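Asks: Structure provided below as C-alpha coordinates; questions to follow.
The values are calculated or read from the model by the stated rules, or taken from the named source; none is laboratory data. Model, not experiment: these values are computed from the prediction. In this analysis, Cβ positions are derived from the backbone assuming ideal geometry, glycine residues included, and neighbour counts consider all displayed protein chains. Each accessible area value is taken on the protein alone, full model and side chains, heavy atoms only, with ligands, DNA and RNA left out. Shrake-Rupley method; radii C 1.70, N 1.55, O 1.52, S 1.80 Å.
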Protein chains: 2
Amino acid sequence: MREFMAITKALADQNRTRILLFLGDGELCVCQIIEMLGLAPSTVSKHLTILHQAGLLESRKQGRWIHYRVARDGSPQVRNAIEFARAGLADDPRVAEDRERLATVLKMDVADLCCRYKTQEPT
Amino acid sequence: MREFMAITKALADQNRTRILLFLGDGELCVCQIIEMLGLAPSTVSKHLTILHQAGLLESRKQGRWIHYRVARDGSPQVRNAIEFARAGLADDPRVAEDRERLATVLKMDVADLCCRYKTQEPT
DNA sequence: CACTTGATTCGTTATTTGGCGAAGTGTAAT
DNA sequence: ATTACACTTCGCCAAATAACGAATCAAGTG
(Lines give C-alpha, C1' and ligand atoms only; values in the text may rest on other atoms or scores of the structure.)
Protein backbone atom coordinates (compact mmCIF):
# COMPACT_ATOMS: atom_id res chain seq x y z
CA MET A 1 0.00 0.00 0.00
CA ARG A 2 2.83 2.34 0.90
CA GLU A 3 4.40 1.91 -2.52
CA PHE A 4 1.12 2.17 -4.36
CA MET A 5 0.23 5.43 -2.65
CA ALA A 6 3.68 6.85 -3.32
CA ILE A 7 3.21 6.06 -7.00
CA THR A 8 -0.31 7.44 -7.34
CA LYS A 9 0.61 10.59 -5.44
CA ALA A 10 3.61 11.00 -7.71
CA LEU A 11 1.37 10.69 -10.75
CA ALA A 12 -1.30 12.97 -9.30
CA ASP A 13 0.50 16.08 -10.52
CA GLN A 14 0.43 17.17 -14.11
CA ASN A 15 4.03 18.35 -14.23
CA ARG A 16 5.33 15.12 -12.75
CA THR A 17 3.35 13.05 -15.21
CA ARG A 18 4.70 15.20 -18.00
CA ILE A 19 8.25 14.53 -16.84
CA LEU A 20 7.63 10.80 -16.81
CA LEU A 21 6.28 10.91 -20.33
CA PHE A 22 8.69 13.19 -22.07
CA LEU A 23 11.59 11.30 -20.59
CA GLY A 24 10.43 8.38 -22.69
CA ASP A 25 13.26 5.91 -22.86
CA GLY A 26 15.89 8.59 -22.87
CA GLU A 27 17.87 10.49 -20.35
CA LEU A 28 17.81 14.17 -19.51
CA CYS A 29 19.81 16.31 -17.15
CA VAL A 30 17.97 18.46 -14.66
CA CYS A 31 18.54 21.70 -16.52
CA GLN A 32 16.86 20.24 -19.59
CA ILE A 33 13.86 19.20 -17.52
CA ILE A 34 13.75 22.68 -16.04
CA GLU A 35 13.70 24.08 -19.55
CA MET A 36 10.90 21.72 -20.53
CA LEU A 37 8.67 22.67 -17.63
CA GLY A 38 9.56 26.34 -17.29
CA LEU A 39 9.53 26.13 -13.50
CA ALA A 40 12.02 27.17 -10.86
CA PRO A 41 14.94 24.78 -10.37
CA SER A 42 13.99 24.14 -6.78
CA THR A 43 10.48 23.19 -7.80
CA VAL A 44 11.66 20.82 -10.49
CA SER A 45 14.15 19.27 -8.14
CA LYS A 46 11.37 18.51 -5.70
CA HIS A 47 9.25 16.93 -8.40
CA LEU A 48 12.18 14.77 -9.43
CA THR A 49 12.73 13.71 -5.85
CA ILE A 50 9.11 12.66 -5.50
CA LEU A 51 9.22 10.66 -8.73
CA HIS A 52 12.52 9.12 -7.70
CA GLN A 53 11.32 8.15 -4.24
CA ALA A 54 8.27 6.53 -5.76
CA GLY A 55 10.69 4.39 -7.76
CA LEU A 56 9.54 5.78 -11.07
CA LEU A 57 12.84 7.43 -11.99
CA GLU A 58 16.46 6.51 -11.65
CA SER A 59 19.33 8.98 -11.63
CA ARG A 60 22.92 8.98 -12.69
CA LYS A 61 25.50 11.45 -11.58
CA GLN A 62 28.08 12.54 -14.10
CA GLY A 63 30.32 15.29 -12.88
CA ARG A 64 28.18 18.27 -12.06
CA TRP A 65 25.24 16.95 -13.98
CA ILE A 66 22.57 14.59 -12.79
CA HIS A 67 20.72 12.65 -15.43
CA TYR A 68 17.29 11.24 -14.84
CA ARG A 69 15.52 8.53 -16.74
CA VAL A 70 12.52 6.31 -16.28
CA ALA A 71 13.34 3.38 -14.02
CA ARG A 72 14.26 0.31 -15.99
CA ASP A 73 14.37 -2.26 -13.23
CA GLY A 74 11.34 -1.08 -11.31
CA SER A 75 9.02 -3.24 -9.25
CA PRO A 76 5.92 -4.70 -10.89
CA GLN A 77 3.89 -1.83 -9.49
CA VAL A 78 6.30 0.68 -10.96
CA ARG A 79 6.27 -0.99 -14.35
CA ASN A 80 2.50 -1.14 -14.34
CA ALA A 81 2.27 2.51 -13.38
CA ILE A 82 4.58 3.57 -16.19
CA GLU A 83 2.63 1.50 -18.67
CA PHE A 84 -0.64 2.89 -17.33
CA ALA A 85 0.53 6.47 -17.77
CA ARG A 86 1.98 5.88 -21.22
CA ALA A 87 -1.07 4.06 -22.48
CA GLY A 88 -3.48 6.58 -21.04
CA LEU A 89 -1.70 9.58 -22.49
CA ALA A 90 -0.32 8.18 -25.70
CA ASP A 91 -2.58 10.38 -27.80
CA ASP A 92 -2.69 13.38 -25.51
CA PRO A 93 -2.11 16.72 -27.24
CA ARG A 94 -0.18 18.14 -24.30
CA VAL A 95 2.15 15.19 -24.36
CA ALA A 96 2.61 15.51 -28.10
CA GLU A 97 3.47 19.15 -27.59
CA ASP A 98 6.10 18.15 -25.07
CA ARG A 99 7.53 15.62 -27.47
CA GLU A 100 7.98 18.30 -30.09
CA ARG A 101 9.42 20.73 -27.63
CA LEU A 102 11.85 18.08 -26.47
CA ALA A 103 13.37 17.95 -29.93
CA THR A 104 14.10 21.65 -29.66
CA VAL A 105 15.52 21.38 -26.19
CA LEU A 106 17.77 18.51 -27.21
CA LYS A 107 19.29 20.69 -29.93
CA MET A 108 20.24 23.35 -27.44
CA ASP A 109 23.67 23.47 -25.91
CA VAL A 110 23.34 22.15 -22.39
CA ALA A 111 25.66 24.84 -21.10
CA ASP A 112 23.30 27.49 -22.45
CA LEU A 113 20.39 25.87 -20.71
CA CYS A 114 22.08 25.71 -17.37
CA CYS A 115 23.10 29.34 -17.55
CA ARG A 116 19.70 30.43 -18.71
CA TYR A 117 17.73 29.18 -15.77
CA LYS A 118 19.55 31.55 -13.47
CA THR A 119 19.52 34.74 -15.51
CA GLN A 120 15.83 35.21 -16.15
CA GLU A 121 15.24 35.72 -19.81
CA PRO A 122 13.48 39.02 -20.53
CA THR A 123 10.62 36.84 -21.82
CA MET B 1 -4.94 14.64 -19.73
CA ARG B 2 -7.95 15.98 -17.87
CA GLU B 3 -9.33 12.50 -17.40
CA PHE B 4 -5.98 11.00 -16.51
CA MET B 5 -5.37 13.59 -13.81
CA ALA B 6 -8.85 13.10 -12.39
CA ILE B 7 -8.16 9.40 -12.13
CA THR B 8 -4.73 9.66 -10.56
CA LYS B 9 -5.92 12.29 -8.11
CA ALA B 10 -8.82 10.03 -7.20
CA LEU B 11 -6.43 7.16 -6.58
CA ALA B 12 -3.98 9.32 -4.67
CA ASP B 13 -5.88 8.91 -1.44
CA GLN B 14 -5.73 5.78 0.60
CA ASN B 15 -9.38 5.76 1.61
CA ARG B 16 -10.56 6.21 -1.95
CA THR B 17 -8.35 3.40 -3.17
CA ARG B 18 -9.70 1.21 -0.37
CA ILE B 19 -13.25 1.94 -1.50
CA LEU B 20 -12.43 0.99 -5.06
CA LEU B 21 -10.91 -2.29 -3.94
CA PHE B 22 -13.38 -3.49 -1.37
CA LEU B 23 -16.22 -2.75 -3.72
CA GLY B 24 -14.79 -5.48 -5.90
CA ASP B 25 -17.46 -6.52 -8.34
CA GLY B 26 -20.25 -5.95 -5.88
CA GLU B 27 -22.44 -3.13 -4.85
CA LEU B 28 -22.63 -1.29 -1.52
CA CYS B 29 -24.86 1.45 -0.21
CA VAL B 30 -23.25 4.53 1.25
CA CYS B 31 -23.95 3.60 4.85
CA GLN B 32 -22.04 0.35 4.37
CA ILE B 33 -19.09 2.21 2.93
CA ILE B 34 -19.24 4.59 5.87
CA GLU B 35 -19.11 1.60 8.20
CA MET B 36 -16.14 0.19 6.31
CA LEU B 37 -14.10 3.35 6.52
CA GLY B 38 -15.21 4.62 9.90
CA LEU B 39 -15.32 8.20 8.66
CA ALA B 40 -17.98 10.88 8.84
CA PRO B 41 -20.78 10.54 6.28
CA SER B 42 -19.97 13.86 4.72
CA THR B 43 -16.37 12.84 4.24
CA VAL B 44 -17.27 9.54 2.65
CA SER B 45 -19.78 11.23 0.41
CA LYS B 46 -17.09 13.52 -0.88
CA HIS B 47 -14.76 10.62 -1.57
CA LEU B 48 -17.50 8.88 -3.48
CA THR B 49 -18.17 11.99 -5.51
CA ILE B 50 -14.51 12.26 -6.46
CA LEU B 51 -14.36 8.62 -7.51
CA HIS B 52 -17.60 8.98 -9.41
CA GLN B 53 -16.53 12.10 -11.24
CA ALA B 54 -13.32 10.39 -12.26
CA GLY B 55 -15.48 7.75 -13.87
CA LEU B 56 -14.30 4.99 -11.57
CA LEU B 57 -17.64 4.38 -9.88
CA GLU B 58 -21.22 4.24 -11.00
CA SER B 59 -24.20 4.74 -8.75
CA ARG B 60 -27.75 3.50 -8.60
CA LYS B 61 -30.51 5.08 -6.63
CA GLN B 62 -33.04 2.79 -5.01
CA GLY B 63 -35.49 4.58 -2.80
CA ARG B 64 -33.58 6.35 -0.09
CA TRP B 65 -30.46 4.33 -0.67
CA ILE B 66 -27.72 4.98 -3.16
CA HIS B 67 -25.64 2.02 -4.22
CA TYR B 68 -22.15 2.41 -5.60
CA ARG B 69 -20.16 -0.05 -7.61
CA VAL B 70 -17.06 -0.02 -9.75
CA ALA B 71 -17.80 1.31 -13.22
CA ARG B 72 -18.46 -1.50 -15.66
CA ASP B 73 -18.54 0.46 -18.89
CA GLY B 74 -15.66 2.79 -18.16
CA SER B 75 -13.31 4.34 -20.71
CA PRO B 76 -10.08 2.55 -21.53
CA GLN B 77 -8.28 4.80 -19.06
CA VAL B 78 -10.76 3.93 -16.35
CA ARG B 79 -10.48 0.22 -17.01
CA ASN B 80 -6.72 0.41 -17.00
CA ALA B 81 -6.75 2.34 -13.75
CA ILE B 82 -8.97 -0.20 -12.05
CA GLU B 83 -6.79 -3.03 -13.27
CA PHE B 84 -3.69 -1.15 -12.17
CA ALA B 85 -5.05 -0.68 -8.66
CA ARG B 86 -6.29 -4.24 -8.33
CA ALA B 87 -3.08 -5.76 -9.60
CA GLY B 88 -0.90 -3.53 -7.46
CA LEU B 89 -2.77 -4.22 -4.26
CA ALA B 90 -3.92 -7.78 -4.79
CA ASP B 91 -1.70 -9.05 -1.99
CA ASP B 92 -1.89 -6.02 0.25
CA PRO B 93 -2.58 -6.81 3.92
CA ARG B 94 -4.72 -3.72 4.38
CA VAL B 95 -6.87 -4.72 1.46
CA ALA B 96 -7.17 -8.27 2.77
CA GLU B 97 -8.26 -6.83 6.10
CA ASP B 98 -10.95 -4.84 4.34
CA ARG B 99 -12.12 -7.91 2.49
CA GLU B 100 -12.60 -9.73 5.76
CA ARG B 101 -14.30 -6.81 7.38
CA LEU B 102 -16.60 -6.55 4.39
CA ALA B 103 -17.95 -10.02 5.15
CA THR B 104 -18.91 -8.78 8.60
CA VAL B 105 -20.48 -5.62 7.32
CA LEU B 106 -22.50 -7.51 4.74
CA LYS B 107 -24.02 -9.61 7.51
CA MET B 108 -25.25 -6.56 9.33
CA ASP B 109 -28.74 -5.27 8.85
CA VAL B 110 -28.48 -2.24 6.63
CA ALA B 111 -31.03 -0.38 8.75
CA ASP B 112 -28.81 -0.84 11.79
CA LEU B 113 -25.84 0.55 9.90
CA CYS B 114 -27.65 3.62 8.76
CA CYS B 115 -28.87 4.32 12.27
CA ARG B 116 -25.50 3.63 13.75
CA TYR B 117 -23.56 6.20 11.83
CA LYS B 118 -25.51 8.93 13.51
CA THR B 119 -25.50 7.66 17.07
CA GLN B 120 -21.81 7.23 17.75
CA GLU B 121 -21.16 3.76 19.09
CA PRO B 122 -19.65 3.71 22.62
CA THR B 123 -16.65 1.90 21.18
C1' DC C 1 -49.08 16.84 6.03
C1' DA C 2 -45.46 16.33 9.33
C1' DC C 3 -41.64 13.16 10.43
C1' DT C 4 -37.86 10.19 9.82
C1' DT C 5 -33.94 9.02 7.41
C1' DG C 6 -30.17 8.18 3.80
C1' DA C 7 -27.21 10.98 1.48
C1' DT C 8 -25.28 15.39 -0.11
C1' DT C 9 -23.86 20.21 0.31
C1' DC C 10 -22.02 23.99 2.99
C1' DG C 11 -18.91 26.26 6.10
C1' DT C 12 -14.94 25.80 8.86
C1' DT C 13 -10.44 24.08 10.29
C1' DA C 14 -5.98 21.69 10.05
C1' DT C 15 -2.83 19.68 7.07
C1' DT C 16 -0.63 18.97 2.72
C1' DT C 17 1.14 20.47 -1.45
C1' DG C 18 3.16 23.28 -5.23
C1' DG C 19 5.54 27.17 -6.06
C1' DC C 20 9.39 30.52 -5.37
C1' DG C 21 13.93 32.60 -3.84
C1' DA C 22 17.91 32.26 -0.79
C1' DA C 23 21.18 29.52 1.11
C1' DG C 24 23.87 25.22 1.04
C1' DT C 25 26.54 21.16 -1.35
C1' DG C 26 29.55 19.19 -4.10
C1' DT C 27 32.25 19.18 -8.34
C1' DA C 28 34.87 21.07 -12.06
C1' DA C 29 37.57 24.89 -14.02
C1' DT C 30 40.69 28.82 -13.49
C1' DA D 1 42.55 28.13 -3.30
C1' DT D 2 39.11 30.58 -5.41
C1' DT D 3 35.52 30.86 -8.46
C1' DA D 4 31.74 29.15 -11.15
C1' DC D 5 28.15 26.24 -11.64
C1' DA D 6 24.54 22.24 -11.40
C1' DC D 7 21.64 20.79 -8.34
C1' DT D 8 19.36 20.27 -3.73
C1' DT D 9 17.67 21.77 0.69
C1' DC D 10 15.46 25.18 3.52
C1' DG D 11 12.09 28.61 4.71
C1' DC D 12 8.27 30.71 3.40
C1' DC D 13 3.56 31.67 1.27
C1' DA D 14 -0.71 30.66 -1.33
C1' DA D 15 -3.73 27.27 -2.90
C1' DA D 16 -5.65 22.73 -2.60
C1' DT D 17 -7.37 18.97 0.22
C1' DA D 18 -9.21 15.88 3.90
C1' DA D 19 -11.74 15.93 7.80
C1' DC D 20 -15.78 17.31 10.65
C1' DG D 21 -20.55 19.05 12.15
C1' DA D 22 -24.56 21.65 10.81
C1' DA D 23 -27.76 22.51 7.48
C1' DT D 24 -30.10 20.90 3.44
C1' DC D 25 -32.24 17.82 0.09
C1' DA D 26 -34.92 13.89 -1.28
C1' DA D 27 -37.74 9.87 -0.50
C1' DG D 28 -40.44 6.87 2.26
C1' DT D 29 -43.60 6.45 6.47
C1' DG D 30 -47.04 7.47 10.02
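Asks: I'd like to verify a number: residues in the range A:93-105 that are touching a residue at least 12 places away in the same chain (Cβ under 8 Å) and either within 11 Å of chain B (Cβ to nearest Cβ) or assigned to a loop (DSSP other than H, G, I, E, B) (or both), how many?
Replies: 3
Asks: If B:L56 satisfies every condition in (1) within 14 Å of chain A (Cβ to nearest Cβ); (2) hydrophobic (A, V, I, L, M, F, W, C); (3) farther than 30 Å from A:N15 by Cα but one, which is the exception?
Replies: (3)
Asks: Please list, ordered by first then second residue, the pairs with beta carbon atoms under 9 Å, 6 or more apart or interchain, first in the range A:59-77 and farther than 21 Å from B:A87 by Cα and open to solvent by 30 Å² or more (accessible area, probe 1.4 Å), second more than 15 Å from DNA strand D (Cβ to nearest atom) and of a type outside the set (D, E, K, R).
Replies: Correct list of pairs: A:R69/A:G24.
Asks: Go through (1) surrounded by fewer than 16 Cβ atoms within 10 Å (Cβ to Cβ); (2) outside any helix (DSSP H, G or I) for A:G55 and report which single condition fails.
Replies: Answer for A:G55: the failing condition is (1).
Asks: Would you mention how many residues in the range B:48-58 are under 28 Å from A:I82 (Cβ atoms) and within 13 Å of DNA strand D (Cβ to nearest atom)?
Replies: Summing the residues that are under 28 Å from A:I82 (Cβ atoms) and within 13 Å of DNA strand D (Cβ to nearest atom) in the range B:48-58 gives 4.
Asks: Another question, then. Is it the case that A:T43 is over 16 Å from A:A103 (Cα atoms) and more than 10 Å from DNA strand C (Cβ to nearest atom)?
Replies: Details: over 16 Å from A:A103 (Cα atoms): yes; more than 10 Å from DNA strand C (Cβ to nearest atom): no.
Taking the combined requirement at face value, the residue does not satisfy it.
Yes/no matrix, rows are residues, columns are (1) more than 9 Å from DNA strand D (Cβ to nearest atom); (2) in a strand (DSSP E or B); (3) within 17 Å of B:R101 (Cβ to Cβ):
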{"residue": "B:A6", "(1), (2), (3)": "yes, no, no"}
{"residue": "B:N15", "(1), (2), (3)": "no, no, yes"}
{"residue": "B:L21", "(1), (2), (3)": "yes, no, yes"}
{"residue": "B:D25", "(1), (2), (3)": "yes, no, no"}
{"residue": "B:L39", "(1), (2), (3)": "no, no, yes"}
{"residue": "B:R60", "(1), (2), (3)": "yes, yes, no"}
{"residue": "B:H67", "(1), (2), (3)": "yes, yes, no"}
{"residue": "B:R72", "(1), (2), (3)": "yes, no, no"}
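Asks: Another question, then. So if I check each of B:L37, B:L21, B:L48, which one is away from chain A (no Cβ under 14 Å), open to solvent by 10 Å² or more (accessible area, probe 1.4 Å), of a type in the set (A, V, I, L, M, F, W, C) and within 19 Å of A:T8 (Cβ to Cβ)?
Replies: Among B:L37, B:L21, B:L48, only B:L37 is away from chain A (no Cβ under 14 Å), open to solvent by 10 Å² or more (accessible area, probe 1.4 Å), of a type in the set (A, V, I, L, M, F, W, C) and within 19 Å of A:T8 (Cβ to Cβ).
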